[in-house]
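Participant: Below is one structure. I have some questions about it.
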Amino acid sequence: MKKSIITIVVIVVAIGSIAVVLNNNKKENSEKTAIVAAKNAAVSVKTATAKTEEISLDFVSNGNFEPIQELTFAAEKSGKVTKVLVKEGDYVTVGQTLAIMRGDVINVNAQNANAVYQNAATDYKRFENAFKTGGVTKQQLDQAKLALDNAKTNLTQANINVGDTRIKAPISGFINKKYIEPGSILTGMPATSLFDIVNVSKLKLKVTVNENQVASLKVGTSIKVISNVYPDKEFSGKISFIAPKADTSLNFPVEIEIANNASNDLKAGMYGTAKFASNKQKQSLMVVPRNAFVGSVSSNQIFVVENDIAKLKNVTAGRILGDKVEILNGLSEGDTVVVTGQINLQDGNKVEIIK
């Protein structure tokens, strides 16, 4: 009995010792966790300084060249192609015959229409002379005149149909694609595609500018344009269109018309850059990096670091100048602004500035 009591006491003491050790470990772990948590509470960020700089107000905008005219035109009449007179890459002018359709039946119809017209003209002349001598009534003369008019209308349409057998270019330009060959059967409904014609004697460079930049632009202003393919060549263009309404990204589409050179070096689809020159070459502006803004420039919010604490400030953004943005209000010279790490920040967070 006494031996059993001693065993129980030993067990109780052992359990108590284990509990004490576990409790001490728990306290030690909690203290370590608290230290780590305190250390990790600081959000790592990179910063820049708001400062006044001499900024060039010139800016560039990129876009793609498009032809001044392009057309995929289709058959107006049904028939069989007998000749195709051009190939892809050929330059054609307005009214040039590109292909010829079979015209046997159409020519016969035109000849018949001409014969009917000549007979109607002869009949009307005879009736007109007879009417002067009382040989025919006014009603008979009017019927002869109506027959003549109808015959003339039919002849005109027949001649148009003859002309339609010769498919002619509606605009000048290069044959970019040919859809038909001799023997092709054309239909008017649905219309058979014939040729793609592209006019690159002039091109349009379509770019976009923001609201601050568009205010200084006018239709007719001369703009220098370069192409990535020809970096050493500079082309002269003029603003031909400024959109009166911004697109979904709050930018304004602008079109610049450029006269191609004699060798048509510029091709539709090439990448181009428009150089917009400002009347004021340089101006002293307070600027911050564009990536200092929370989300986007339109948010007008920036984190400023004061005594290792991030403070969210509302600012007024001005012009976007490449990778920098003008600040009109809300910051002071020398303010330290967060440029990376904003996604992890909240107003009042402690920060650790990393280089």
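The values are calculated or read from the model by the stated rules, or taken from the named source; none is laboratory data. Small disclaimer: the values here were computed from a predicted structure and weren't measured. Every residue, glycine among them, receives a Cβ derived from its backbone with ideal geometry; neighbour counts consider all protein chains shown. We work out accessible area using only protein heavy atoms, side chains counted, and drop any ligands, DNA or RNA first. Shrake-Rupley method; radii C 1.70, N 1.55, O 1.52, S 1.80 Å.
Participant: So, by mean Cβ neighbours within 10 angstrom, what's the order for 244-251, 88-95, 263-270 with the highest one leading?
Facilitator: Working: 244-251: 9.8, 88-95: 12.6, 263-270: 14.2.
With the highest mean Cβ count within 10 Å placed first, the list reads 263-270, 88-95, 244-251.
Participant: Can you pull the percent of Cα pairs in the stretch 235-355 with separation above 26 Å?
Facilitator: On the way: 3105 of 7260 pairs.
For the stretch 235-355, the fraction of Cα-Cα distances above 26 Å is 43 percent.
Participant: Go through Lys313/Lys355; Lys202/Lys224; Lys178/Lys224; Lys83/Lys202; Lys46/Lys313; Lys177/Lys245 and tell me which ones have a Cα-Cα distance over 25 Å in this structure.
Facilitator: Details: Lys313/Lys355 23 Å; Lys202/Lys224 15 Å; Lys178/Lys224 35 Å; Lys83/Lys202 31 Å; Lys46/Lys313 17 Å; Lys177/Lys245 35 Å.
Where the Cα-Cα span goes over 25 Å, the pairs concerned are Lys178/Lys224; Lys83/Lys202; Lys177/Lys245.
Participant: Next question. Would you mind computing, in nm to one decimal, how far apart the modelled labels at Lys282 and Leu217 are, each placed 7 Å from Cα along Cα→Cβ?
Facilitator: Using points 7 Å along Cα→Cβ, the separation is 2.6 nm.
Participant: Enter the accessible area per residue of the stretch 186-314 (Å², integer; probe 1.4 Å; all protein chains in place). The partial results should precede the final answer.
Facilitator: Values: 6960 Å² over 129 residues.
Solvent-accessible surface per residue comes out at 54 Å².
Participant: Further question: Take every Cα-Cα distance within the stretch 167-227, group them into 5 Å bins from 0 onward, and report for each bin the whole-number percent of pairs it holds.
Facilitator: Binned Cα distances yield the sequence 4, 10, 16, 15, 11, 9, 9, 9, 8, 6, 2, 1.
Participant: Expressed as a rounded percentage, what relative contact order does the stretch 281-334 have, with Cα pairs under 8 Å and six or more residues apart? Mind showing how you got there, number by number?
Facilitator: Details: 80 pairs, mean separation 18.1, N = 54.
Relative contact order here is 33 percent.
Participant: Moving on. What distance in nm lies between label points placed 7 Å from Cα along the C-beta direction at Gln118 and Thr137?
Facilitator: The answer from the label model is 3.2 nm.
Participant: Treat every Asp and Glu Cβ in the stretch 171-218 as -1 and every Lys and Arg Cβ as +1, leave all other atoms uncharged, and give the resulting dipole magnitude about the Cα centre to the nearest 20 debye.
Facilitator: Working: 6 positive and 3 negative charges, 42 e Å.
Roughly 200 debye for the stretch 171-218.
Participant: Regarding the stretch 295-355, what's the average projected area of the Cα-atom convex hull, expressed in nm²? Present the calculation step by step, with values, prior to reporting the outcome.
Facilitator: Numbers: hull surface 17.7 nm².
Average projection, Cα convex hull of the stretch 295-355: 4.4 nm².
Participant: Still on this model: List the residues whose amide H sits under 5 Å from the amide H of Asn260, counting only those 5 or more places along or on another chain, with H placed 1.01 Å from N in the peptide plane.
Facilitator: Residues meeting the amide H criterion: Lys202, Leu203.
Participant: For Asp58, list long-range residues whose amide hydrogen, built 1.01 Å from N in the peptide plane, is under 5 Å from its own amide hydrogen.
Facilitator: It is Ser278, by chain and number.
Participant: Same structure, new question: Assuming 0.36 nm per residue, please report the length gained on full extension of the stretch Ala259 to Asn314 beyond their Cα-Cα distance.
Facilitator: Values: separation 55, 0.36 × 55 = 19.80 nm, distance 4.64 nm.
Stretched fully, the Ala259-Asn314 segment lengthens by 15.2 nm.
Participant: Out of residues 5 or more away from Leu345 or on other chains, whose amide H comes under 5 Å of its own, with H placed 1.01 Å from N in the peptide plane?
Facilitator: HN-HN under 5 Å from Leu345: empty list.
Participant: In addition: Using a 1.4 Å probe on the protein chains only, how many percent of the accessible area of the stretch 171-210 belongs to carbon and sulfur? Can you show the working numbers first?
Facilitator: Details: 980 of 1750 Å².
Heavy-atom surface of the stretch 171-210 belonging to carbon and sulfur, 1.4 Å probe: 56 percent.
Participant: Turning to a different aspect of this structure: Calculate I(q)/I(0) for the stretch 213-289 by the Debye formula, one identical point scatterer on each C-alpha and no solvent, and give its log10 at q = 0.11, 0.17, 0.27 Å⁻¹ to two decimals.
Facilitator: Here log10 of I(q) over I(0) equals -0.37, -0.82, -1.28.
Participant: I've got another one for you. Excluding Asp308 itself, calculate the net charge of residues whose Cβ lies under 9 Å from the Cβ of Asp308, where each Lys or Arg counts +1 and each Asp or Glu counts -1. All intermediate terms of the calculation are to be shown ahead of the outcome.
Facilitator: Working: positive: Lys350; negative: Glu306, Glu352.
Neighbourhood net charge equals -1.
Participant: Still on this structure: Which translational diffusion coefficient, to the nearest whole µm²/s, is obtained for the stretch 106-243 from the Stokes-Einstein equation, given a Kirkwood hydrodynamic radius over C-alpha pairs, 20 °C and 1.002 mPa s? Show your work: numbers first, answer last.
Facilitator: On the way: Rh = 21.7 Å.
The Stokes-Einstein estimate is 99 µm²/s.
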